[in-house]
Amino acid sequence: MFKNAARPKAYLIIWLMLHKKLPTTDRLTKWGMVVSKRCVMCQNEEETIEHLVINCHFAIRLWSRLLKWVHQLDMLPTNWEQFMHWSIQHAKGKTISAHIFKIIMAECVYEIWIERNNRIFVQKSRTVESVAKEIAYVSIIRSQPSILDEYTF
Ligand SMILES: [Zn+2]
C-alpha cells in the first residue's frame, strides 16, 4: 500500500511496524535481553510498538502537527485496530490527499523510529517541530508539483 509513496528505507520500517516486527524493548525483553522497558520518548510508559507510534505524547504531537498541515486532522486513532482502519481509510484511492497521507504515514513512522534510536544510541534528540519539518520537506520533494501549491508548512 505504501510502496510507491514512501522512500525504500521508510517503506521497510513501516512494513516492519505493520507486522509488529520492530525490535521495541517489550520484544527485546521477551527475547531475554536486559534493557530498560521505559519509552525513551516520554519516559512514562513501557515501550511497545503501539505506544511508540500511537499513544506516546511525542507521536500524538507529531501526527497532529502533520495532519493539521495537510488539513486532514480528524480524531487520531488510540489503539492498534483503530490505527490500521484509519490508515487504510486515508490511504485509499488515487486522490492527492491519499497520496500525501501515504507519504506522511510512512515518513512519520520512520522518523519516530529514527528519533527513538538516536535518543537511545547517540543521546541526541530533536523537537516535534523539527521532526515535523523534516517530514514535510521529504513529503513535498516526493510529491508532484501540483501538490506544492496546496501545502505550505
Ligand atoms: Zn512514550
Report task. May I ask you to derive the relative contact order of the range 8-148, considering only C-alpha pairs under 8 Å and at least 6 residues apart, and to give it as an integer percent? Result -> 24
Query - Per-q log10 I(q)/I(0), the range 45-122, q = 0.19 Å⁻¹ (Debye; single scatterer per alpha-carbon; no solvent) - result: -0.81
Report summary line: For the range 61-74, Karplus-derived ³J(HN,Hα) couplings (6.51, -1.76, 1.60; θ = phi - 60°; whole Hz; x for glycine and proline) come out as 5, 5, 4, 4, 4, 6, 6, 5, 4, 9, 6, 10, 6, 10
Report summary line: Relative contact order of the range 25-86 (C-alpha contacts under 8 Å, at least 6 apart) in percent is 22
Query - Highest-MSF residue in the chain out of A132, A59, A98 [GNM, Cα springs under 10 Å] - result: A98
Report summary line: Diffing the range 90-102: the Karplus 3J(HN,Hα) column from phi (6.51, -1.76, 1.60, θ = phi - 60°), in whole Hz with x for Gly and Pro, holds 6, 8, 5, x, 10, 6, 4, 5, 5, 4, 5, 4, 4
Query raised in the report: Using Cα atoms only, what is the angle between the long axis of helix 128-141 and the major principal axis of the chain, expressed in degrees (0 to 90) to the nearest 10?
Result: 40
Query - Charge sum, other residues only, whose C-beta stays under 9 Å from E134's C-beta, Lys/Arg counted +1 and Asp/Glu -1 - result: 0
Requested in this report: Just the ratio, please: alpha-carbon radius of gyration of the chain over 2.2 N^0.38 Å, N its number of residues.
Outcome: 1.03
Query raised in the report: Between T127 and K92, what FRET efficiency follows from the Cβ-Cβ distance if R0 is 41 Å, with the result rounded to 0.05?
Result: 0.80
Report task. Just flag the chymotrypsin sites (Phe, Trp or Tyr not before Pro) in the range 30-72 sitting in loop per DSSP whose Cβ has no more than 15 other Cβ atoms within 10 Å. Result -> W31
Report summary line: Within the chain, excluding any trypsin sites (Lys or Arg not before Pro) found in a DSSP loop (not H, G, I, E or B) and having at most 16 other Cβ atoms within 10 Å, the longest uninterrupted segment runs 38-91
**Report entry** In sequence order, calculated HN-Hα J values of the range 82-89 (Karplus, 6.51, -1.76, 1.60; Hz; x Gly/Pro)
**Finding:** 4, 4, 5, 4, 4, 5, 5, 4
Query raised in the report: Classify the range 82-149: rounded, prolate or oblate, from the alpha-carbon gyration tensor (a ≥ b ≥ c, eigenvalue square roots; a/c under 1.5 rounded; otherwise prolate if a/b is larger than b/c)?
Result: oblate
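Since every read-out is calculated from the coordinates, none of them should be taken as a lab result. The model shown is predicted, which means the values in this text are computed figures rather than measured ones. Note: ideal-geometry Cβ built from the backbone for every residue, glycine included; neighbour counts use all protein chains shown.
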